[in-house]
Each structure stands twice: as structure tokens, then as C-alpha cells.
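Participant: Dropping the structure in here first, questions after.
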Amino acid sequence: MTEPKTAAETLRPSRSLAELAWLRFRRNRAAMAGTIVLLLVACFSFFGPLFVSHGYDEVFPSYVTVGPSLTPRPDPATLQAVAETTAKRGRVELKSFSVENGTYTAVITAARPIDPRTVRYFDRVNEFKDTTVKDTSADGLTMTITGHVHQELFPFGTDSNGRDLLARIMLGGQISLAVGIAASLVSLGIGVVYGATSGYLGGRVDNLMMRFVEILYSLPFIFLVVVLVVFFGRSITLIFIVIGAVQWLEMSRIVRGQTLSLKRREFVGAAEALGLTDWQIIRRHIIPNTVGPVIVYVTVMVPQVILLESFLSFLGLGVQAPLASWGTLIAEGSHNMQSAPWLLIFPSFFFVVTLFALNFAGDGLRDALDPKDR
Amino acid sequence: MIAFVFKRLLSAIPTLLVVITISFFMMRFAPGGPFNLERPLPPQTMANVMKTYGLDLPLWRQYLNYIANALTGDFGPSFVYKDNSAAELIFKALPCSIELGLWALLLSLVGGVIMGTVAALRQNGWVDYTLMAFASMGTTIPNFVVGPVLTLVLAVFLGWLPAGGWGDGSLYYLFLPVLALGLPQLAVFARLTRGSMIEALTTDHLRTARAYGLPARVIVITHAMRGAMMPVLSYLAPCAAALLTGSAVVETIFGIPGVGRYFVNSAINRDYTVVMGTVILVSVFIIVFNLIVDVAYAYLDPRVRHD
């Protein structure tokens, strides 16, 4: 039991660079909080719909623009009025109406014999379901019908089309996050290949390629993105290609800078001596070694891309209905803010929280991966 | 100095050319032109229309014509509002955007520099932390959230200000849009100023100034400010160009008849000439402001001239 420990056991194993970075990251409270919030938002957006019974495009005509509330709708007190209007729609008169334990009983009368199919009028409103005929009087002029009161929960309220805002915010989160990541990957691909090629080939090619980037830099990109999206359709795929295509400039500059210093190193010379082609060296030796700064820049880029997508969607040029991103939801909210402020408040809240979390996590990652850059 | 300005002017030419070229070719090859009506025009009418707009010429002639016209500020007739030229429409909207942009620029520059300086002088105190928390909120929250939320609070809930519209163009109507447009930029200026001010306050010549017993006001305003303003100045160019040519979002939210809103509407209506004219105009703004800042930079910091 009490064997003396050998020297090898008491020495801590040396830490790899990744472990050190992770340690630094964990010590940064804001960054950890940001990461956790980000994970929560992602879970909320991607797994939330499993727990919400309403589809994002499901319309509830009875609940148009209802405010957020934690008690299920409908309020039992309003059911009498609902039954009256429903009866009127079915051209019958409501004689009595009562609710007991989630089951309602109504007596309806009419001047002419009542068609049993009248119950469909009751099933058609969102408040009632499973309506059946319980009893019909001998002359067919009076009918007792019964059915369940159907309750729906809208914790965030509904929009002006009667769709559940909670389900739509979840969908918006899915689209915003997915576009953010997908578009960042597109620009990552273009930027890394372009920058590595330019830096590695050097000389006149490098000069020309960087000159081109410089010219693109001074273009009014927001405007060009709008133009591209308008001219070539408004699909989600196009949006992330377009955004990715305009975000790669900075990435290519960073990768080029890295490449310039890498290509003087011995292992590249060795690869050259072994007779590898330029493209093989770029692919196998240059690009893998630029990973650190590239990851850092991607974390900066994701919030920018999400912003750009939301900006386009806000102007009505991005995601089209019935799909929604946070940008379209905020736009809808700002159009309806006088009558339904919750339509603006909830999506803005999620959007802003996500942006903050992304920024904090990104800053933390930069500090962790690149401690001398503080 | 003159040679420097001249060199910078020359380097702006390829940029402008690229913008015009992209504009032209996107316009020509975009699907669904303004003449793709649901009921096709008779061939003779179509030919006449093409001729009127010069679309029957060979492509390279059209391209050269477009460049020549664009350089004189003529972007062709608007495809949607057929009685107006694109340039007329754009320049009608420009004053609104410029007025809005100038106020926003003034707010963000003055407010940001003051905030940044105060934060730098009280470094790591609670004033600093509060101001910088505010600034990081400003840089993170985009103006299409700030705008509607400010309107919701100040106009809808409190009823102090109008919720939108140009009105008579007075500050009463402009206050909210200026705030929405200026606040994010103000935050950027505040951060920049704080960073460079802290650096400037630790330089040798400022230590000397302090040793001479100069009053704090003179040290900060006369000596530290000059060095600290360089990063602010270089951010001023893109910022001014963006603010003056109108923010599409802010103008859409508040219903201001400026270039930005006009641009989005024209893009949706496929009014190609107006859209491309706006893109070129914005590029010119960006180029001119970059030039002004470069010259100012060279004036303030002689090292730049010999780069």
C-alpha cells in the first residue's frame, strides 16, 4: 500500500498547447459564461421544437396577436362568447352553455331541423374539439352537443397571423445560427485557399492577388450584397454563399501573412526538396499550420455573418415567409410594436443575448489561443 | 505633399473602374429586367424601347457609353419612374441622408471622443467600467434592434417623440433616427479614443509636460489629444461615408426619404439604373473620404508621406 512513489509518477505530464489554451479559456469567466449561454441558445433553437406542440407555420385563427402569458388559452370566462359567435356562424342559436372539467355542453336551437354536421362549426374554432351530438329533440329543432375544451399555451404570445412566437423564435434561431456557421465556412474556404496560394506563390502573382483584394475592400459591400440577393433570387443557400463570398477578404489577408512566415521554414524547404508540387505543399504543410489564427478569426466572423443575414432579412431581402430568422422577426415586431410590443421584445432579446455570448466566447478564445496578443 | 495627394488620387481610379464594371455587368446579366412584363410587348414596340435605352448596341459599346456617362454623373433614365433620370432621383434623396448623417456623425464623434477621454482619465475606475460597458453594448447591438427598441420606449410607451417620418426635417423628428444611427458609431469612437488616449498619456513628452507643471486641461486637450486622434481619424472615413450615404435600415425603420431607403426600394423594384447609380455614388463617397483622411493623416504625421 505504501510503496514510495517513483519520480515519474510525481512529475506532472507536460501539457500540450491545446490543453494550455483550454485552461486559459476556462479561467476566463466571461468567455465561459458566453459559451454556456451559446450552448443554451443552440439547444433552445434546435431541440426546443421537440417540446413545443405548435409548428412554426401553424396558424391559430382564434389567437391572432395574443399577448405572452403562462396560463393556457382560452380563458374559460370567454368561452361563452366564443360559443355564441360559433353558433351564429352555424346559423343556430345558443340556448345554454356550460363548461365542466374541460368538457363543454351546449344546447342549440334553430327554426329549422338542425343538421348534425353543424358540430363541425364548433370543431373548426381552436377552442373546441371532439364535438359530438349528445341528444337531439324529437322535432330536431333543439340539439345538445358536447366536446372538449382545447387549450393552447403561448408563453411568448402569437404574431399577427396567429402563429406561436415561441416556435418561430426557435426556427429563427436555427436559421440564424445555421447561416452564421455555414457562411463562415464558405468564407473560411475561399479565404484560406486564396490567402495561402497568394502568400506561397509570392512575387508578381501575390502582388496581383492582393491588389485585387484591396480593390474589393473599398467596394460598398452591403450594397452589393443587397443587389446580388435581389437580382439572383432570395433563397437561403444563395444568402450564405453571398455572405460567405464577401466575408473572405480579411481571412485571406490573415492567412497570407501566416503563409509568408511559414514558407521560409525548414519543413517547407524539405517538402520542396522531396519534389512535392506547389499545391501539395500548400495543402499539406501551409494550410494546416495556419489553423490557430484562422479559428480565432472565424469566431469573430460568425457574429458578423449573423448580423449581415439579419440585416438582409430585416429589409425583407433574406429568408422568406413562412420561414423566419431573427432578423425577419425583429422586422415584424418593429412594424407591429404599437399593438404588440412582445413581437419586438422577445426576438430582440434572443438576438442580442446570442450576439453578446458570441462576442465574449470569441474574445476568450482569442486570448486563450494567442496569449501574447492581449 | 501634392505628389502624395496625386498618387492617392491615381490609385482610386482602378477601384472606381471595378465598381462601374461590376455594376454594368450585373445590370446586364441579372435575370428579370424591367421590360419582362407579364404581357410581352409587341416586337416592334420592344425594338423601339431597346433603341431608346441604347440596348440594341453591341455590348462593348454599351459598356463604354455607360462608363462615359457615369463619369459625368449620368446613370441613365430610371426604369421605373420613366420621366426621371436615375441621377435626379438619387440627388433628390441625398439631402435627407446627408442631413441625418451629419447629425449622427456629430453626435458619435463628439460624444465618443468625450466618453473615451473621460474613461481613459479614470482608467479602471467605475466611471471607466460603466462607460465601456455602455460602449460594448453599443458595438454589439445592431441599429435595427436599437432603432425599434428606442422607438418603442421613447415614442410608443412614453410618447415624447414621433415614431417616424421626416416631418419638417427638424430635430424633433430627427432625434430618434440620429440616435439609432449614431449610437453604434459613438460606441466605436469611445473605444478607439479610450485605447489611444491611455497610450498617449503614458508617452515621454506627456511626462515632460506634466513635469513642467502644465495644467491638466492643457495636457489632455493640447498634447495628448493630438496623438490620440490618429486611430479615430482613420475610422472617421468609412464611418462618415456610411453615415452620409444613408443607412438603409434606419431610413426604413423611421420612414425617412433618403438614399438608403430609396436604394432598397429600387432594388426590390428592379430599377437597375437607380440601384447601380447609388452603388457608384456610395463608392465615390468612400473613396473621397478615404482620400481626405489619408491627406489629413499625412498632414498630422509626416512619417506617412514617405511611405
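Participant: Among B:Phe29, B:Thr15, B:Ile67, which residue has its Cα furthest toward the positive end of the charge dipole of region B:2-70, with +1 on Lys/Arg Cβ and -1 on Asp/Glu Cβ?
Facilitator: B:Thr15
Participant: Here is a follow-up. If you take all C-alpha pairs in region B:88-300, what percent of them are over 31 Å apart?
Facilitator: 29 percent
Participant: What is the calculated FRET efficiency for B:Arg226 to B:Gln123, with r their C-beta to C-beta distance and R₀ = 22 Å, to the nearest 0.05? Walk me through the numbers on the way to the answer.
Facilitator: On the way: r = 20 Å, r/R0 = 0.89.
For B:Arg226 and B:Gln123, the calculated efficiency is 0.65.
Participant: Leaving out same-chain residues fewer than 8 places away, which aspartates and glutamates sit with a Cα under 15 Å from that of A:Lys263?
Facilitator: Within the straight-line limit of under 15 Å, A:Lys263 reaches these aspartates and glutamates: A:Asp206, A:Glu272, A:Asp278.
Participant: Using only the C-alpha atoms of region A:62-150, find the volume of their convex hull and express it per residue in Å³.
Facilitator: Numbers: hull volume 7.5 nm³, N = 89.
Enclosed volume per residue, from the Cα hull, is 85 Å³.
Participant: For every helix of n ≥ 4 consecutive DSSP H residues, a contribution of -39,500 (n - 2.57) applies; sum these over the protein assembly as shown, divide by its total residues, and give [θ] at 222 nm rounded to the nearest 500 deg cm²/dmol. Can you show the working numbers first?
Facilitator: Numbers: 26 runs with 431 residues, N = 681.
The helix-only estimate for the protein assembly as shown comes to -21000 deg cm²/dmol at 222 nm.
Participant: Taking chain B as a Gaussian network, Cα atoms linked when under 10 Å apart, which of B:Trp160, B:Trp60, B:Trp103 shows the biggest mean-square fluctuation?
Facilitator: Greatest mean-square fluctuation among the candidates belongs to B:Trp60.
Participant: Also, quick follow-up: Given the Cα atoms of region A:180-253, and with Rh set as the inverse mean 1/r over their pairs in the Kirkwood sense, what is Rg to Rh to two decimals? If you can, show how the numbers build up before the last one.
Facilitator: On the way: Rg = 13.3 Å, Rh = 12.9 Å.
We get a ratio of 1.03 for region A:180-253.
Participant: Let me ask something else. In whole Å, how far is the Cα centre of region A:106-154 from that of region B:187-214?
Facilitator: One Cα centre to the other: 80 Å.
Participant: Per residue of B:256-265, how many C-beta atoms from partner chains lie within 10 Å of its own C-beta, taken as a mean? Write down the numbers at each step before the final one.
Facilitator: On the way: counts 0, 0, 0, 0, 3, 1, 0, 5, 6, 1.
Average per residue, whole number: 2.
Participant: Ranked from highest to lowest mean number of other Cβ atoms within 10 Å per residue, what is the order of the peptides A:307-320, A:353-366, A:146-159, A:41-54? Please list the in-between numbers first.
Facilitator: Numbers: A:307-320: 23.9, A:353-366: 21.4, A:146-159: 18.7, A:41-54: 14.9.
Result, highest mean Cβ count within 10 Å first: A:307-320, A:353-366, A:146-159, A:41-54.
Participant: What whole number of Å gives the distance from the Cα centroid of region A:243-286 to the Cα centroid of region B:85-155?
Facilitator: Each part reduced to its Cα centre gives a spacing of 40 Å.
Participant: Anyone know which of A:Ile345, A:Ile287, A:Ile215 comes out most mobile in the 10 Å Cα GNM of chain A?
Facilitator: A:Ile215
Participant: List the pairs from A:Lys88/A:Lys134; B:Lys51/B:Lys92; B:Lys7/B:Lys51 whose alpha-carbon separation is above 30 Å, in the order I gave them. Kindly include the intermediate steps, with their values, before the conclusion.
Facilitator: Working: A:Lys88/A:Lys134 20 Å; B:Lys51/B:Lys92 28 Å; B:Lys7/B:Lys51 41 Å.
B:Lys7/B:Lys51, as the Cα separations exceed 30 Å there.
Participant: Sticking with this structure for a sec: Could you list the square roots of 5 times each eigenvalue of the Cα gyration tensor of region B:2-70, that is, the equivalent ellipsoid semi-axes, sorted largest first and rounded to whole Å? Before the final figure, lay out the partial values.
Facilitator: Working: eigenvalues 254, 31, 12 Å².
Computed over region B:2-70, the values are 36, 12, 8 Å.
Participant: Right, here's the next one. At a threshold of 8 angstrom on Cα-Cα distance, excluding pairs fewer than six apart, so keeping six or more, what relative contact order does region B:2-153 reach in percent? Please report the intermediate quantities before stating the final value.
Facilitator: Working: 41 pairs, mean separation 15.7, N = 152.
Reported as a whole number, the value is 10 percent.
Participant: Just the C-alpha atoms of chain A: what Rg/Rh do they give, with Rh taken as the Kirkwood radius?
Facilitator: With Rg and the Kirkwood Rh in hand, the quotient comes to 1.20.
Participant: To continue, here is another question. With every atom except the alpha carbons ignored, what do you get for Rg and Dmax of region A:146-228, in angstroms?
Facilitator: Rg and Dmax of region A:146-228, Cα atoms, are 23.7, 85 Å.
Participant: A further question follows. Let's test this: bin the Cα-Cα distances of the protein assembly as shown at 20 Å from zero up to the farthest pair and state each bin's percent.
Facilitator: Per 20 Å bin, starting at zero, the Cα-Cα P(r) for the protein assembly as shown comes out as 14, 40, 31, 12, 3, 0 percent.
Participant: Which number comes out as Rg/Rh for region B:183-268 once both Rg and the Kirkwood Rh are worked out on C-alpha atoms? The partial results should precede the final answer.
Facilitator: Details: Rg = 19.3 Å, Rh = 15.4 Å.
Here the Rg-to-Rh quotient is 1.25.
Participant: Related question: Averaged over peptide B:19-25, how many Cβ atoms belonging to another chain are found within 10 Å of each residue's Cβ? Walk me through the numbers on the way to the answer.
Facilitator: Working: counts 6, 0, 0, 4, 3, 0, 0.
Per residue, the number of nearby Cβ atoms from other chains is 2 on average.
Participant: Which residue, A:Gln174, A:Gln247, A:Gln338, has the most motion in a Gaussian network model of chain A that connects Cα atoms within less than 10 Å?
Facilitator: Highest fluctuation of the listed residues: A:Gln338.
Participant: Moving to a separate point now. When Lys and Arg each count +1 and Asp and Glu each count -1, what net charge do the other residues less than 14 Å away from A:Asn161, Cβ to Cβ, add up to? Show your work: numbers first, answer last.
Facilitator: Working: positive: A:Arg163, A:Arg168; negative: A:Asp57, A:Glu58, A:Asp159, A:Asp164, A:Glu332.
For residues surrounding A:Asn161, the net value is -3.
Participant: OK, next. Would you please give the residues with an amide H less than 5 Å from that of A:Leu276, counting only those at least 5 places away or on a separate chain, with H modeled from the backbone geometry?
Facilitator: none
Participant: If you don't mind, there's one more thing I want to ask. Is any helix in chain B, taking whole DSSP H runs, at least 24 angstrom long along its axis by alpha carbon and on average at least 0.0 on the Kyte-Doolittle scale, and which ones?
Facilitator: Numbers: long enough: B:2-29 (41 Å, 1.77); B:86-121 (50 Å, 1.69); B:171-201 (40 Å, 1.22); B:225-244 (26 Å, 1.32); B:272-300 (42 Å, 2.09).
Those that pass (Cα extent of 24 Å or more, hydropathy at least 0.0) are B:2-29, B:86-121, B:171-201, B:225-244, B:272-300.
Participant: Excluding A:Val319 itself, calculate the net charge of residues whose Cβ lies under 10 Å from the Cβ of A:Val319, where each Lys or Arg counts +1 and each Asp or Glu counts -1.
Facilitator: Values: positive: A:Arg234; negative: A:Glu309.
Counting the neighbours of A:Val319, the net charge comes to 0.
Participant: Let me ask you something else. Which order do you get for A:Met301, B:Met229 if you rank them by accessible area with a 1.4 Å probe, largest at the top? The partial results should precede the final answer.
Facilitator: Details: A:Met301 0, B:Met229 45 Å².
Order by accessible area, largest first: B:Met229, A:Met301.
Participant: Still on this structure, please answer the following. A:His54: net charge of surrounding residues, Cβ under 11 Å, Lys/Arg +1, Asp/Glu -1, itself excluded? Provide the component values of the computation, followed by the final result.
Facilitator: Working: positive: A:Arg163, A:Arg168; negative: A:Asp57, A:Glu58, A:Glu152, A:Asp164.
My count for the surroundings of A:His54 gives -2.
The values are calculated or read from the model by the stated rules, or taken from the named source; none is laboratory data. On a predicted model such as this, the values are computed, not experimentally measured, just so you know. We place every Cβ from the backbone using ideal geometry, glycine too, and count neighbours over all the protein chains shown. The area values use the complete protein model at the heavy-atom level, side chains included, leaving out ligands, DNA and RNA. Shrake-Rupley method; radii C 1.70, N 1.55, O 1.52, S 1.80 Å.
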